[in-house]
1. Which residues, taken from the stretch 39-61, are part of a helix (DSSP H, G or I) and either of a type outside the set (A, V, I, L, M) or more than 24 Å from the chain's Cα centre (by Cα) (or both)?
2. Given Gly55, Gly82, which one is small (Gly, Ala, Ser), over 30 Å from Arg225 (Cα atoms) and either in contact with a Ser or Thr (Cβ under 9 Å, 6 or more places away or on another chain) or modelled with pLDDT under 90 (or both)?
3. Of these, Leu74, Leu43, which one is closer than 20 Å to Leu119 by Cα and out of contact with any helix residue (DSSP H, G or I) (no Cβ under 7 Å at 6 or more places or on another chain)?
4. Hey, can you tell me all the residues within the stretch 65-104 that are buried (at least 18 other Cβ atoms within 10 Å of the Cβ) and either over 18 Å from the mean Cα position of the chain (by Cα) or part of a loop (DSSP other than H, G, I, E, B) (or both)?
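The values are calculated or read from the model by the stated rules, or taken from the named source; none is laboratory data. Please read these numbers as outputs of a predicted model, since none were measured by experiment. Backbone-built Cβ (ideal geometry, glycine too); neighbour counts: all protein chains shown.
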Amino acid sequence: MIPIGDDDTGQTLRPWVNYILLALNLIVFIVFQGMGQNENFTLGYAMVPYEILHGQDVTYDGLGISPTPVYFTLLTSFFLHGSWMHLAGNMLFLWIYGDNLENRMGHRSFLIFYVLCGLMASGAHILYTQVMERQDMIPSLGASGAIAGIMGGYVLLFPNNRIRILFFGGIVYVRAYLALGIWILMQLISGYTNLMSDAGGVAYAAHIGGFIVGMLIVKWFPVRRDAGVVR
C-alpha cells in the first residue's frame, strides 16, 4: 500500500521550501554521500546518540569525523540517507504531504515546523537508546523523523483529504486519517517487534516521536493571511 498523491485543489502557494528540501536531500545523497559510497562523510555527519549526550566526537568503531560541535549532526543527519530506496521513500512522503502544510503555514513557518519535528524526533530516539540502554553508538540518519512530523500535522489538519494509494497494482482513494492511521499503527507494531527482538536498523522511536510532535505543535502555527495569492 503505497501513497502516490493527495488532494491539492486548495493549493494557492508554491511550496518552494518543500522543493528546496527535496532538492537538498537529493544533492547531498548524490554529491556528498557519493550515492551511499562515501561512508566517511555519511558516518561523520550522521547523529550518534552517545556523541550528543556526551558532547564529543567518537571516531572508533568505523564512525567518521563529525562537525564541531557534534550537536550540528542533529541537523545534518536530516539530509543523509542510507540508500536510494531510503531516499525515495522519504522524498515521496515529503512530496505528497509537505506542500499542504506549507500552503497553510507559509514558507518560513513550514521550515521551522519541519526542523522542530526533526529535532524532537531525534530527541525521542536518543531517549529510547537511554531508556533501553542500547543502540546509542549506532548512527541515525534520514529525514523520516521530520517527515513523520509533517504527517502528524497533516492528519490533524486535513483528516478527510483523499489520498491516492497504489494497492495491488490498482489505485484506490482513502481518507488521510485512514492512510496515516495505518502508517502510524505499522510503526507502533514494528517498533514493538524491534523492541522484543533487540534488532536494530530502523529508528522507530524517531518515527513515532516525530508523528506525535507534529500533531501536538501544528496548531501553534497560524494560518497565513494571504492564502489567495499564488507565489
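1. Glu39, Asn40, Phe41, Thr42, Gly44, Tyr45, Pro49, Tyr50, Glu51, His54
2. After applying the criteria, what remains is Gly82.
3. Result of the check over Leu74, Leu43: Leu43.
4. Answer for the stretch 65-104, where residues must be buried (at least 18 other Cβ atoms within 10 Å of the Cβ) and either over 18 Å from the mean Cα position of the chain (by Cα) or part of a loop (DSSP other than H, G, I, E, B) (or both): Ser66, Val70, Leu80, His81, Asn103, Arg104.
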